[in-house]
Amino acid sequence: MHNDHEILLLKGNEAIAHAAIRYGYDGFFGYPITPQSEILETLALLRPWETTGMVVLQSESEVASINMIYAGGSTGKCVLTSSSSVGISLMQEVIPYMAISEVPALIVSVQRGGPGLGTIQPSQSDYTQAVYGGGNGDYHNIVLAPCSVQESCDMVGLAKELMMKWRTPVIILSDGSIGQMMEKCTLPPYTPRRTDEEIRQQCPWAVNGLGIKSRKPNVVTSLELDQAFMEKRNKALQEKYKQIENTEVRAEYYLTDDAETVIVAFGSAARISMGAIDILREQGHKIGLLRPITLWPFPNNEVLELSKRAKRILVVELNEGQMLRDVEWASQFSCPIDFIGHSGGVIMTPDEIVEKICSIAK
Amino acid sequence: MDEKIIKSPENIVYQKPRLMNDNTMHYCPGCGHSIVHKLVAEIIDEMQMQDQTIGVCPVGCAVFAYRYLDIDWIEAPHGRAPSCASATKRLWPNHLVFTYQGDGDLACIGTGETIHALNRGENITIIFINNAIYGMTGGQMAPTTLMGMKTSTCPYGRQADLHGFPLKISDIAATLEGTCYVTRQAVNTVGNIARTKKAIRQAFENSLQGRGSSLVEIVSTCSAGWKMSPEQSNKWLAENMLPYYPLGDLKKL
Ligand SMILES: Cc1ncc(C[n+]2csc(CCOP(=O)(O)OP(=O)(O)O)c2C)c(N)n1
Ligand code: SF4
Ligand SMILES: [Mg+2]
C-alpha cells in the first residue's frame, strides 16, 4: 500500500470503491444491483479490512444497507452505501431519519432507466428522487453529480468533507454510463481513517459509548412527541439548509462567455452536450454549457445570470424533464427555455443536440 | 435508627439501578418493559460496560428506552434495529451492542433484518419482548398473537384462515448457524425475573466474547393491550402464553 497518487484505467464504479478506501472511509454496506455492483465487487476484491481497517458488508437488502449507514453515521464513523434506482427507492425510508437527526453518510446512486424495474441502461430519471427526496418531511440532501470517472473519484472525498461539515446525508448522483465507462483516473493518496479518539473529539454528538471521560449519554432519534419542539427542530434544519445554499453551490462553465445559446445539463448529459458544443462551435454557433455540479443546492443565481445574458437556454437531460423545472424557476423565464431528453435508458447522441440547436437557433 | 445507618451501603437490599435516571416512565402499570429495562440497567452496570455500550431502540412501546437508561442510544426505524446494531458492532468491535425490540418490530416488519443479522452471527444481543400484541399503536394483532386471542384487528379472535399462525421466531433463530444462544424467558414471577437477568447477562457476555448472535425472548404482559389488570395479566400469561411459548434455552453453545 504505497502512499501516493496512482493512475489507473477504471470504471466510474470501481473508482468510487478505490476512493472510499483511500479517503479513509470506515465502512461500506450495500446490496447488488446493476449497474452499480462493481462498487461492492471491487471492495470485496481489494479487501480493505486487511489494510485500512474499512468494514465491507453485503447486506440483505437496500433497507438494511441504509439502516446500516444510518447507524454507522450515528456513531460518528464515515460510511457509505451504493445502489441504483429501485434500490434507492427502498432507501427512502431512512434518509429522512438521517436528515432530521443530522447523521452524516454517503449514498451513491447509479441511475438506470425507470420507472419500476425499467432497464439497466443509463438514465437521469432519479433527479427528482435525489433532489426533492422520496422520503417524508421537510428535508434535503446535498446532491453531487459527477460527469467523469475522475470526478466520481474526487466526489467521494468531497462528500466526506461535506457530510461531516454539515452533518447531513450526501448523494452522489451517478448513472449507468459514468459508472460503467472506463477512463484514466488519478487516485488520491491514502488518508488514514480517524482513530476512535479523533472521532470522539470531532463528533461530540455521536453515539459511541460514554467513553472513559463518561460524558452525558448521546441519543440519535427523529422522534419528538412535542409538536412545538419538533417544529423547532425543523426550523433549525431549514436554517442549516439556507447556509448550505449560500455556501456550497458548485457549477462548471464551458464556453459561456460569449454564448447566445446556453445548454444546462448535468452528469452524462453534460458530457454529451460538450461534444455537441464542440461541433456547433466549429460551425460558428455561439454556444456554451452550464453544468450544475451540486444539484442541491442548485446553482439558481448562475442560471439566472446566464439566462439574462443569453438568447435562449436548452436543457438536456436523460429523463423527461426533471431538472428543467428547476432551470425554469431559477431563470425567472428571462429567456426562452427549450428541452431535449431521452428516458428509459436511451442515450442521446451529440448529433441530436446539434440538430435541435440548429432548429431553435436559426 | 438513624437514616444514615439505614442508607449505608451494607444495609441496602434493594435500590434503583445506577444507570436508570429519574425520568417518569410512560409504561402502563404491570408492563413487562419496565422490569426488563431495570434488568438491563443492572447488568450493564455490573459488567462495568456503561462507557462502552450502544443500545438500539425499536419502534414500539420501548421507543423511549433512551429516556430511562443512561447509555448511548440509536433510535432505529421500525424493525430495523438488527441492521443498525450489525453495522454499529462491526464499526465498534469492542463495544457491547444490543437491540431491544417488541414482537411487531422484530417478528413482523423486521423479520428479514432479524433473521439475517442472527444468521450472519453478528456479535450482538437481541432482547425480544414478546407480549403477543402491538402495544404502542393500541392493541392490534401481532405475529405472535395466540390463536383465538382477541385484538382490535382480530376482534373475534385470531383464526388460521384469516390471519395465519403465531410465529415462534426464536425456534427459527435456534436453527441458524450464526446464533450461539437462543433462550425464552419471562418476567411474570420473581424467579423468572432472576432467570431472565441471568440470560441477558449470558447473552451480553457472548457478544463481548465474539461468540455469535444471542437472542433473549422475554414473554411479557401488556395489560393495556390485553385489557386486563396487571395481576390478571400475569395469570393469563402463565395459563395461555407459556404453553405455546415454553420457557427455557432453545440453543446454548
Ligand atoms: C414504518 C412504520 N410502520 C408502522 C409504524 C407504527 N407502529 C408503531 S409501534 C408499532 C407496533 C409495535 O409493536 P411491538 O413491536 O410489538 O411493540 P410493543 O409496543 O408491543 O412493545 C407500529 C405498527 C411505524 N412507526 N413505522
Ligand atoms: S401498552 Fe402494553 S406494552 Fe405498552 S406500555 Fe402499556 S402495557 Fe406496556
Ligand atoms: Mg408487542
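One table, with the values for the structure above:
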item: Overall Cα dimensions of segment A:1-145, principal axis frame, Å, largest first; result: 45, 35, 27
item: Among A:VAL249, A:LEU225, A:ALA44 - extreme Cα towards positive end, dipole of chain A, charges at beta-carbon; result: A:LEU225
item: Residues of type aspartates and glutamates that B:LYS197 reaches as a straight line, Cα spacing below 20 Å, ignoring anything fewer than 8 places off in the same chain; result: B:GLU42, B:ASP45, B:GLU46, B:ASP70, B:ASP103, B:GLU205, B:GLU217, B:ASP249
item: Cα-based radius of gyration of segment A:252-360 once divided by 2.2 N^0.38 Å, which approximates compact folds; result: 0.95
item: Residue-normalised accessible area of segment A:6-197, expressed per residue, 1.4 Å probe, Å²; result: 29 Å²
item: Filter on B:LYS16/B:LYS198; B:LYS89/B:LYS251; A:LYS77/B:LYS168; A:LYS232/B:LYS38; A:LYS213/B:LYS4; A:LYS77/A:LYS184 - keep pairs with C-alpha separation over 25 Å; result: A:LYS77/B:LYS168; A:LYS232/B:LYS38; A:LYS213/B:LYS4; A:LYS77/A:LYS184
item: Convex hull volume per residue in cubic angstrom - Cα atoms of the protein assembly as shown; result: 175 Å³
item: Antiparallel DSSP beta bridges within the protein assembly as shown, as percent of all bridges there, nearest 5; result: 25 percent
item: Shielding score for B:51-57, defined as the mean number of other chain Cβ atoms within 10 Å; result: 5
item: Ellipticity estimate at 222 nm from DSSP helix runs (n ≥ 4, -39,500 (n - 2.57)) divided over chain A, nearest 500; result: -12500 deg cm²/dmol
item: Largest-first principal axis extents of the Cα set of segment B:22-116 (Å); result: 34, 30, 16
item: Order by protection proxy (mean Cβ within 10 Å, highest first), peptides B:100-106, A:16-22, A:254-260, A:210-216; result: B:100-106, A:16-22, A:254-260, A:210-216
item: Chain A - percent of accessible surface contributed by carbon and sulfur, probe 1.4 Å; result: 53 percent
item: Centre separation in Å (Cα based) which lies between segment A:208-282 and segment B:79-148; result: 34 Å
item: Degrees, to the nearest 10: A:227-247 long Cα axis against longest axis of chain A; result: 50 degrees
item: Global geometry of segment A:73-207, whether rounded, prolate or oblate, following the gyration tensor of its Cα atoms and the 1.5 cut on a/c; result: oblate
item: Cα-Cα P(r), chain B, percent of pairs per 10 Å interval; result: 7, 33, 37, 17, 5, 1, 0
item: Helix axis angle, A:350-360 relative to chain A longest principal axis, alpha carbon, degrees; result: 50 degrees
item: Chains B and A, summed buried accessible surface - 1.4 Å probe, Å², nearest 100; result: 2800 Å²
item: Within straight-line cross-link reach of B:LYS227, lysines at Cα separation under 19 Å, skipping those fewer than 8 residues along the same chain; result: B:LYS150, B:LYS235
item: Vicinal HN-Hα couplings computed from phi for segment A:296-313 (Karplus, 6.51 cos²θ - 1.76 cosθ + 1.60; Hz; Gly/Pro x); result: 9, x, 7, x, 4, 5, 5, 5, 4, 4, 5, 6, 6, 8, 7, 7, 7, 10
item: Charge sum, other residues only, whose C-beta stays under 12 Å from B:ASN123's C-beta, Lys/Arg counted +1 and Asp/Glu -1; result: +2
item: Cα-centred dipole magnitude for the protein assembly as shown, charges only on beta-carbon of K, R (+1) and D, E (-1), debye, nearest 20; result: 1380 debye
item: Ranked packing of A:178-186, A:90-98, most packed first, by mean Cβ within 10 Å; result: A:90-98, A:178-186
item: Formal net charge of residues neighbouring A:ARG271 (Cβ-Cβ distance under 11 Å; K, R +1; D, E -1); result: -2
item: Cβ neighbours within 10 Å from other chains - mean over B:90-102; result: 4
item: Nearest 10 degrees, 0 to 90: helix A:62-74 Cα axis against chain A principal axis; result: 60 degrees
item: Farthest positive-ward along the protein assembly as shown dipole, Cα basis, beta-carbon charges - from B:ALA81, A:CYS335, B:HIS26; result: B:HIS26
item: 9 Å beta-carbon shell around B:GLU113, net charge (K/R +1, D/E -1); result: 0
item: Fraction of the pair-distance distribution of chain A above 32 Å, Cα-Cα pairs, percent; result: 32 percent
item: For chain A, share of DSSP beta bridges that run antiparallel, in % to the nearest 5; result: 30 percent
item: Most to least packed among A:272-280, B:6-14 [average Cβ atoms within 10 Å]; result: A:272-280, B:6-14
item: Beta bridge orientation in segment A:6-197: antiparallel %, DSSP, nearest 5; result: 25 percent
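The values are calculated or read from the model by the stated rules, or taken from the named source; none is laboratory data. Since the model is a prediction, treat every value here as computed from it, not as a measurement. Neighbour counts run over all protein chains shown; Cβ positions are idealised from the backbone, glycine included. Surface accessibility is based on the protein's heavy atoms, side chains included, excluding ligands, DNA and RNA. Shrake-Rupley method; radii C 1.70, N 1.55, O 1.52, S 1.80 Å.
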